[in-house]
Amino acid sequence: MSDIPTVTLPSGISVPALGLGTWQMGEDARKAGIEIESLKRGLDLGLTLIDTAEMYGEGGAEKITAEAIAGRRDEVFLVSKIYPWNASRKGVVDACERSLDRLKTDRLDLYLLHWRGEHPLTETVAGFEELRRAGKIGAWGVSNFDLDDMQELMEVPDGGMCAANQVLYNLSRRGIEYDLLPWCQERGIPVMAYSPIEQGRLARSGELIRIAKAYQATPAQVALAFLLERDGVIAIPKSANPDRVAENAEAVDLDLSEADWTALDAAFPPPSRKAPLEMI
Ligand code: NAP
C-alpha cells in the first residue's frame with residue numbers, strides 16, 4: 001500500500017488525508033474490544049488522525065480512543081469537539097479538561113466547535129485561544145459552518161486562527177463544491193469530510209459497485225478516492241471492523257480513469273447553484 005497522502009494545516013503541520021471516525025463507538029461495552037482493535041489497526045496502517053467528540057457515546061468514544069492510543073499518543077493527530085451549549089469562554093476550557101481526562105492525554109491537536117449554538121463566536125474563540133496559549137490544544141476549528149458562518153467567524157478577533165471546518169461531504173452530498181470548498185481551499189483551511197461513505201449507503205450504490213469492479217476495488221474505496229482526489233480535504237470514515245478499516249486505507253491506491261470520473265459526475269452531479277449546507 002502507498003503512503004497515506006497528507007493535507008497541510010495553516011500552522012504548517014501535515015496530517016493524513018484519511019483518518020478514523022468514532023461516532024457510535026463507546027456506546028456498548030460489549031463492542032469496546034472490536035472498536036479499540038479497529039482504531040489500532042487504522043493507526044498501524046497510517047490513518048493516524050482520529051476524530052472524536054464529547055457527544056459520541058456521551059464521552060464513551062473518547063474513552064475508547066484513549067485505549068486505542070495508549071502508549072502511542074505522539075503518533076496520533078487527535079481531534080475532538082465541543083457541544084455548542086458548552087462553548088462559552090469558560091465553558092470551552094472546562095469541557096476541554098473533561099475531554100482530556102477521558103482521552104487520558106494532556107493535549108488535543110485540534111478542537112472543534114461541533115455546530116453553531118447560542119454562545120457568541122467571540123467568546124468561543126477567546127476560550128479556544130486561551131487553550132491554545134496554555135498548550136492544551138494545538139489548534140482549533142469549527143464544524144457544520146456554511147460559507148456565511150465562516151465569513152462571520154473571520155470578522156471575530158482571532159477568528160482567522162481557525163484551522164479546519166468539518167462538514168458533511170461525500171459523492172452524494174456535493175453542495176459545498178459550489179462555494180464553501182473553494183473558499184476554504186483559497187484560504188488554506190482544510191475541510192474535514194464527515195460521513196464520507198454516507199454512513200455506509202455509498203457502499204451499496206449500484207454505480208459505485210459497477211466502477212469498483214473494474215479495479216477489483218470496493219464501492220467504499222471509490223467513495224473515498226473521490227475525496228482523496230480533492231485538495232485540502234481530509235476524509236474520516238468510521239468503521240468498527242478492522243478488515244473494513246484496512247479496506248478503507250487501501251483507497252489511497254485506487255487510480256480512476258477519466259471515463260470513470262466522468263461517470264461519477266453523471267451519477268452524482270456537482271452543484272449548479274447554492275444550497276444550504278446539509279448536516280447529519
Ligand atoms: P461514514 O464514515 O460515512 O460511514 C460509517 C458507516 O459505514 C458505518 O456503519 C460503518 O459500519 C460503514 N462502513 C465503514 N467502512 C465501510 C466499508 N468499507 N464498506 C461498507 N461499510 C462501511 O459515516 P459517519 O460515521 O457518519 O462519519 C464518519 C465520522 O465523521 C464519524 O464517525 C464522526 O467521527 C464524524 N462525523 C462528524 C459529524 C459532525 O457533525 N461534525 C457528523 C457525522 C459524523 P462498520 O462500523 O460496521 O464498518
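With an 8 Å cut-off on Cα pairs and a minimum separation of 6 or more residues, tell me the relative contact order of the chain in percent. Before the final figure, lay out each step's value.
Values: 550 pairs, mean separation 57.5, N = 280.
Computed over the chain, the figure is 21 percent.
Along each principal axis, taking the top coordinate minus the bottom one, the Cα set of the stretch 17-147 gives 40, 30, 27 Å in descending order. Per q in 0.08, 0.12 Å⁻¹, report the Debye log10 I(q)/I(0) for the stretch 105-260, using one uniform scatterer on each alpha carbon and no solvent. The computed values of log10 I(q)/I(0) come out as -0.28, -0.59. Using bins of 5 Å that start at zero, the share of Cα-Cα pairs per bin across the stretch 93-151 amounts to 4, 18, 29, 24, 15, 7, 2, 0, in whole %. Give, as a single signed number, the net charge of other residues whose beta carbon lies under 10 Å from the beta carbon of D51, with Lys and Arg counted +1 and Asp and Glu -1. Value of the local net charge: +2.
Placing a pseudo-label 7 Å from each Cα along the Cα-to-Cβ vector at I13 and R204 gives an inter-label distance of 3.8 nm. With all pairs of different C-alpha atoms in the average, the Kirkwood value for the hydrodynamic radius of the chain is 18.9 Å.
List the relative contact order of the stretch 120-255 as a percent without decimals, with contacts defined as Cα pairs under 8 Å and 6+ residues apart. Working shown, then result.
Values: 183 pairs, mean separation 25.4, N = 136.
So the answer I get is 19 percent.
Rolling a 1.4 Å probe across all protein chains gives W85 an accessible area of roughly 130 Å².
Regarding the stretch 50-110, what is the average projected area of its C-alpha convex hull, in nm²? Spell out each step's value before the answer.
Numbers: hull surface 14.7 nm².
Computed as one quarter of the Cα hull surface, the answer is 3.7 nm².
Annotation: per residue accessible area for the chain equals 43 Å², rounded to a whole number [probe 1.4 Å, protein chains only].
Which percent of the accessible area of the chain is formed by carbon and sulfur heavy atoms (probe 1.4 angstrom)? Spell out each step's value before the answer.
Working: 5750 of 12060 Å².
C and S atoms contribute 48 percent here.
Rounded to the nearest 500, the 222 nm mean residue ellipticity of the chain from helices alone is -11000 deg cm²/dmol, with -39,500 (n - 2.57) taken per DSSP H run of at least 4 residues. Check the chain and count each lysine pair with an alpha-carbon distance under 26 angstrom, considering only pairs eight or more places apart or from different chains. So the count of such lysine pairs works out to 25. Comparing S195, S99, S205 in a Gaussian network model of the chain where C-alpha atoms under 10 Å apart are linked, the largest mean-square fluctuation is found at S205.
Using the alpha carbon gyration tensor of the stretch 2-48, what are the three equivalent-ellipsoid semi-axes (square root of 5 times each eigenvalue), largest first, in whole Å? The partial results should precede the final answer.
Numbers: eigenvalues 138, 31, 8 Å².
Value: 26, 12, 6 Å, ordered largest first.
Positive contributions from Lys and Arg (+1) and negative ones from Asp and Glu (-1), summed over other residues with Cβ under 9 Å from the Cβ of Q221, come out at -3. Indicate, rounded to the nearest 5 percent, the antiparallel portion of the DSSP beta bridges found entirely in the chain. In the chain, approximately 15 percent of DSSP beta bridges are antiparallel ones. Remark on the stretch 148-230: ratio of C-alpha radius of gyration to 2.2 N^0.38 Å is 1.31. Once both labels are positioned 7 Å from their Cα atoms along Cα-to-Cβ, the gap between S272 and E130 label points is 5.0 nm. Shape summary: the stretch 178-280 maps onto an equivalent ellipsoid whose semi-axes, from the alpha-carbon gyration tensor, are 22, 17, 14 Å in decreasing order.
The values are calculated or read from the model by the stated rules, or taken from the named source; none is laboratory data. The structure displayed is predicted, hence computed values, not measured ones. We place every Cβ from the backbone using ideal geometry, glycine too, and count neighbours over all the protein chains shown. Only protein heavy atoms, including side chains, enter the accessible area calculation; ligands, DNA and RNA are left aside. Shrake-Rupley method; radii C 1.70, N 1.55, O 1.52, S 1.80 Å.
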